[in-house]
Amino acid sequence: MSVKNVLAVALGIMSAIGGFVDIGDLVFNTQAGAIFGFQLLWVVVIGVVGIIVYSEMCGRVSAVAKRPVFDLVRERTGFGAGLATLIASEIVNLMTCAAEIGGVAICFQLLSGLPYRLLIPLAVIGLAVCSWVLPFRWLERVFGYLGLGLLVFAVAAIKLHPDWGQVAHGFVPGSHSGGSLMVYLYFVVGLLGAAMTPYEVYFYSSGAVEDRWGLKELRLNQVTSIIGYVLGGFLSFALMIVAGALFLPLGISPQFLGTPALAAEHALGQLGLLLALVGILFAVGGAAIETSFAGGYNMAQFFGWRWGKRERPARASRFTLSWLAIFALALLLVMTGYDPVKLTEFSVIFSVVALPLTYLPILLIANDRAYMGSNVNGKLANVLGGLYFLLILVIAVVAIPLMLLTHGGQG
Amino acid sequence: MNKVIDVDIALSILDHQLVDGDGQNCGKVDDLEIAGLDTDSPEIVEIIVGGNAWRSRGLLGRLAARLSGDAVHVPWPEVDSVTSVVTLKRPAAELRLNRGDERWAALVGKVPGS
């Protein structure tokens, strides 16, 4: 790979850290670890393979047909179903953005000691200014690379000396202990939802169009989607292992977003805490930017407006106002003082419901020779794509009932 | 594209992206006006974009139409080509498309760096 291609992998790394490990993964992986130890590690593997399969498809469609996801959602499902998907996805983008902003504010609070409510508007202003000023590539690099501070959790996982036999056992689905079956299933759905959140594919595919991917980038697409999400998956393992090794024996229930960072401090001292907070801050901040842009992309692509970070903001004024509106509404939502952990759980569970209508048009277009020519899905992509589509249909149906039955995993 | 286009093909361009003569996105094919449906050779008269055009697109479309303004009618001879997108011959402004971006540009333009 050329230097240019290596740099372009940054797109995948940001999507992996900011998009894969975001507030949803922090909350669900640490809570799952605190209740079930390592027993749910296998779910992360399934989630990672799923997001790789669909991101690769999205990137390929963007590179070959030059069409981002929401353009296709409208074209393939029609106006009515497309508009319903748009509304659902915008609600999910907004809730997720709000949860991520809450996470940024909590990191600021732990770093500065200033009051949380004061830091929320500062967080939003900081993120909006970054989004406004920095070119697309710099957003990817700054938030992607500083988000790598999360790697401290991989070191913490090793330092905590977990029982590696039990960890290995967690990669095989089987009987469970530590909580009821319903709670176990709720976490299965939540972990899959956190791994396969729809805004990741909206952002990834629009980003590929913004980066003007063509046929030459098909290899790059495979490499970024695989390396990026596998890396993200490792961080998810680390979070669950840390929670399982530290919180479960102590009976700590991580109901506070700063709790995972304390685990890094326990294992690695002050430096561990600092790295963890910086990593969380940029991973969650990057995800906040991705969700606000996903909101702008979806609106513009549904209605056919000019869009993109490359456009001057005033020329693509409706796109610009759309992403700014997501930030503004998310600010209002967080300022209500609603618990960001609860907000995160809702956003992940509702995003699961919006998944099928996001993924189906991708699967259809990736199989359409009129668009894709010889780059249509191969057998592997279709078998996996089909199986995962069935899986998300099932979890979309059971997600909300499970959340209600288990009171959000409380049993 | 002056030749008569098959109505089945025409309907397949519904909801497709419109691109103007400068290569800029300028809306979607929200509805089509077709003449002579009761004859042997029906043909598309115009593409209808935005606003009222959504009225015919189901319950959510009627709601969306109420919240927005008048549709823009683009005569079919303005169409240059139909691929995965519908490309027009002239710039959007000449066809009164993309007025939404122009309307909000003044507001967004007040921010430094826009």
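Of everything in region B:34-47 that is more than 12 Å from chain A (Cβ to nearest Cβ) and assigned to a strand (DSSP E or B), the residue that is nearest to B:Asp20 (Cα to Cα) is B:Glu46. Just checking, does region B:59-82 include any residue being more than 15 Å from the chain's Cα centre (by Cα), within 12 Å of chain A (Cβ to nearest Cβ) and on the phi > 0 side of the Ramachandran plot? No, every residue in region B:59-82 fails to be more than 15 Å from the chain's Cα centre (by Cα), within 12 Å of chain A (Cβ to nearest Cβ) and on the phi > 0 side of the Ramachandran plot. Specify the residue that is surrounded by the most Cβ atoms within 10 Å (Cβ to Cβ); the eligible residues are those in region B:23-72 that are over 14 Å from A:Phe302 (Cβ atoms) and of a type in the set (Ser, Thr, Tyr). Selected residue: B:Ser56. Tell me, please, whether a residue that is part of a helix (DSSP H, G or I) and under 20 Å from A:Val49 (Cβ atoms) can be found in region A:240-256. There is at least one residue in region A:240-256 that is part of a helix (DSSP H, G or I) and under 20 Å from A:Val49 (Cβ atoms).
Considering region B:13-46 alone, what residues qualify as being touching a Pro at 6+ places or on another chain (Cβ under 9 Å) and either without any contact (Cβ under 8 Å) to a residue 24 or more places away in the chain or among the β-branched types (Val, Ile, Thr) (or both)? Matches in region B:13-46: B:Ile34, B:Ala35, B:Gly36, B:Val45. Does A:Met196 meet the test of being touching a residue at least 24 places away in the same chain (Cβ under 8 Å), under 29 Å from A:Ala34 (Cα atoms), surrounded by fewer than 16 Cβ atoms within 10 Å (Cβ to Cβ) and in contact with a helix residue (DSSP H, G or I) (Cβ under 9 Å, 6 or more places away or on another chain)? Against the criterion (touching a residue at least 24 places away in the same chain (Cβ under 8 Å), under 29 Å from A:Ala34 (Cα atoms), surrounded by fewer than 16 Cβ atoms within 10 Å (Cβ to Cβ) and in contact with a helix residue (DSSP H, G or I) (Cβ under 9 Å, 6 or more places away or on another chain)), A:Met196 does not qualify.
Just give me the residues in region A:185-198 being in a helix (DSSP H, G or I) and modelled with pLDDT of 90 or more, in sequence order.
Across region A:185-198, the qualifying residues are A:Leu185, A:Tyr186, A:Phe187, A:Val188, A:Val189, A:Gly190, A:Leu191, A:Leu192, A:Gly193, A:Ala194, A:Ala195.
Of the helices (runs of 4 or more DSSP H) contained entirely in region A:21-128, those carrying at least 1 residues that are surrounded by fewer than 21 Cβ atoms within 10 Å (Cβ to Cβ) and hydrophobic (A, V, I, L, M, F, W, C) fall at A:41-65, A:69-112.
Matching residues to (1) at pLDDT 95 or above; (2) farther than 27 Å from A:Val53 by Cβ:
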{"position": "A:Ala283", "(1), (2)": "no, no"}
{"position": "A:Arg312", "(1), (2)": "no, yes"}
{"position": "A:Tyr338", "(1), (2)": "no, yes"}
{"position": "A:Val341", "(1), (2)": "no, yes"}
{"position": "A:Asp368", "(1), (2)": "no, no"}
{"position": "A:Met372", "(1), (2)": "no, no"}
{"position": "A:Gly386", "(1), (2)": "yes, no"}
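One residue stands out among those in region A:287-319 that are part of a helix (DSSP H, G or I) and farther than 19 Å from A:Thr85 by Cα: the one that is farthest from the other protein chains (Cβ to nearest Cβ), which is A:Ala287. Count of region B:99-110 residues, restricted to those that are facing another protein chain (nearest Cβ under 7 Å) and either of a type in the set (Val, Ile, Thr) or part of a loop (DSSP other than H, G, I, E, B) (or both), is 1.
When region B:48-94 is filtered for residues that are assigned to a loop (DSSP other than H, G, I, E, B) and under 14 Å from B:Ala10 (Cα atoms), the ones remaining, listed by number, are B:Thr83, B:Ser84, B:Val85. When A:Arg312, A:Arg318 are screened for being buried (at least 16 other Cβ atoms within 10 Å of the Cβ) and without any contact (Cβ under 8 Å) to a residue 60 or more places away in the chain, only A:Arg318 passes. Checked against (1) over 30 Å from B:Gly113 (Cβ atoms); (2) touching a residue at least 40 places away in the same chain (Cβ under 8 Å); (3) touching a Leu at 6+ places or on another chain (Cβ under 8 Å), A:Ile326 passes all but condition (1). Entry remark, region A:79-108: residues being free of Cβ contacts under 8 Å to residues at least 24 places away in the same chain and polar (S, T, N, Q) number 0 in total.
For (1) at pLDDT 90 or above; (2) within 23 Å of A:Phe319 (Cα to Cα); (3) within 15 Å of the chain's Cα centre (by Cα), each residue gets a yes or a no:
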residue: B:Val4; (1), (2), (3): no, no, no
residue: B:Leu11; (1), (2), (3): no, no, yes
residue: B:Val19; (1), (2), (3): yes, yes, yes
residue: B:Gly23; (1), (2), (3): yes, yes, yes
residue: B:Lys28; (1), (2), (3): yes, yes, yes
residue: B:Gly36; (1), (2), (3): no, no, no
residue: B:Glu43; (1), (2), (3): no, no, no
residue: B:Glu46; (1), (2), (3): yes, no, yes
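Considering every residue within region A:55-78, establish whether at least one is free of Cβ contacts under 8 Å to residues at least 60 places away in the same chain, farther than 14 Å from A:Tyr371 by Cβ and within 14 Å of chain B (Cβ to nearest Cβ).
yes
Considering region A:320-330, and only residues there that are of a type outside the set (Val, Ile, Thr) and in contact with a Cys (Cβ under 9 Å, 6 or more places away or on another chain), the residue that is nearest to the other protein chains (Cβ to nearest Cβ) turns out to be A:Phe327.
Taken over region A:110-148, residues that are touching a residue at least 60 places away in the same chain (Cβ under 8 Å) and either touching a Cys at 6+ places or on another chain (Cβ under 6 Å) or of a type in the set (S, T, N, Q) (or both) amount to 1. With respect to (1) surrounded by fewer than 16 Cβ atoms within 10 Å (Cβ to Cβ); (2) in contact with a Lys or Arg (Cβ under 7 Å, 6 or more places away or on another chain), the lone exception for B:Leu18 is condition (1). Can you confirm whether region A:297-305 contains a residue that is modelled with pLDDT under 95 and hydroxyl-bearing (Ser, Thr, Tyr)? No; the residues of region A:297-305 include none that is modelled with pLDDT under 95 and hydroxyl-bearing (Ser, Thr, Tyr). Scanning region B:67-109 for residues that are of a type in the set (A, V, I, L, M), in contact (Cβ under 8 Å) with a residue 24 or more places away in the chain and out of contact with any strand residue (DSSP E or B) (no Cβ under 7 Å at 6 or more places or on another chain) returns a single hit, B:Val82. No other residue among A:Leu231, A:Leu239, A:Leu250, A:Leu246 is under 23 Å from A:Gly170 (Cβ atoms) and free of Cβ contacts under 8 Å to residues at least 60 places away in the same chain apart from A:Leu250.
The values are calculated or read from the model by the stated rules, or taken from the named source; none is laboratory data. This is a predicted model, so every value here is computed, not measured. Heads up, the Cβs are rebuilt from the backbone with ideal geometry, glycines too, and the neighbour counts pull from every protein chain shown.
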